[in-house]
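For reference, the structure is listed below as structure tokens.
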Amino acid sequence: MRKVASIVMTVLLMVVLGSGFRWLYLNRHQFLATEATLPDESHMNALWNATLSDQKGKTYPLAQFKGKPMIVNFWATWCEPCREEMPEISELASAHPEVAVLGLAVDEAAAVHEFVESTPVVYPLLIAENEGMPLAETLGNNKGVLPYTVIVSAQGEITHIFFGRVSRKMLSSALNL
């Protein structure tokens with residue numbers, strides 16, 4: 001009798017696990033970034049007027065990136081999905097130097113400096129601190145979530161915005177790479 005009960009329990013467990021994995025597979029898009037409504041072009045002035053520094057103190061006037069396609073990724077050191085997407089963003093930045101890739105840290109400089117020591121990336125990580133979330137909101141982050149990624153065309157127009165973790169494939173598609 002125990003053997004039959006054990007077999008029934010094993011089969012039942014496999015059905016439950018299989019159903020769970022099937023649900024996760026069918027709903028996987030919910031765990032990646034979602035696109036949102038694009039903000040008005042007038043909001044781009046907030047980006048172009050910003051000047052931010054990296055963890056070493058080097059200053060970046062963001063207007064210097066006008067004329068190039070851009071990925072602007074808002075992130076924080078405490079944000080797990082932010083940290084998970086960084087290797088893929090870094091790979092894309094290495095493979096496509098014609099694209100300006102910027103990580104805007106909604107975090108303190110000390111936390112970013114410590115993060116960079118253990119997780120180097122090839123693109124600039126700029127310290128936005130308290131300016132970060134208002135800038136993200138101006139650029140369409142009406143949910144106040146991180147990570148938040150904005151794709152800007154070479155013509156200076158926002159073409160895509162993503163709430164949540166992005167993949168290299170998503171970014172490549174948005175940039176037509």
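Only one of the numbered conditions (1) surrounded by 16 or more Cβ atoms within 10 Å (Cβ to Cβ); (2) out of contact with any Ser or Thr (no Cβ under 9 Å at 6 or more places or on another chain) is violated by V121, and that is (2).
Number of residues in the range 155-168 that are touching a strand residue (DSSP E or B) at 6+ places or on another chain (Cβ under 7 Å) and over 21 Å from N49 (Cα atoms) equals 4.
Table: residues versus (1) in contact (Cβ under 8 Å) with a residue 40 or more places away in the chain; (2) closer than 19 Å to G164 by Cα.
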residue: T59; (1), (2): no, no
residue: A63; (1), (2): no, no
residue: T77; (1), (2): no, yes
residue: P81; (1), (2): yes, yes
residue: E91; (1), (2): yes, yes
residue: E98; (1), (2): no, no
residue: V101; (1), (2): no, yes
residue: A109; (1), (2): yes, no
residue: H113; (1), (2): yes, no
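Residue-by-condition table, conditions (1) modelled with pLDDT of 90 or more; (2) among the basic types (K, R); (3) more than 16 Å from L52 (Cα to Cα):
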| residue | (1), (2), (3) |
| --- | --- |
| V72 | yes, no, no |
| R83 | yes, yes, yes |
| A95 | yes, no, yes |
| V99 | yes, no, yes |
| E108 | yes, no, no |
| E114 | yes, no, yes |
| K143 | no, yes, yes |
| S153 | yes, no, yes |
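Scan the range 121-143 and tell me whether some residue there is assigned to a helix (DSSP H, G or I), within 19 Å of K68 (Cα to Cα) and assigned by TED's automatic domain parsing to the domain that holds L62. No; the residues of the range 121-143 include none that is assigned to a helix (DSSP H, G or I), within 19 Å of K68 (Cα to Cα) and assigned by TED's automatic domain parsing to the domain that holds L62.
The values are calculated or read from the model by the stated rules, or taken from the named source; none is laboratory data. Quantities reported herein were computed from a predicted structural model and do not represent experimental measurements. Every residue, glycine as well, gets a Cβ built from its backbone with ideal geometry; the counts of neighbours run over all protein chains shown.
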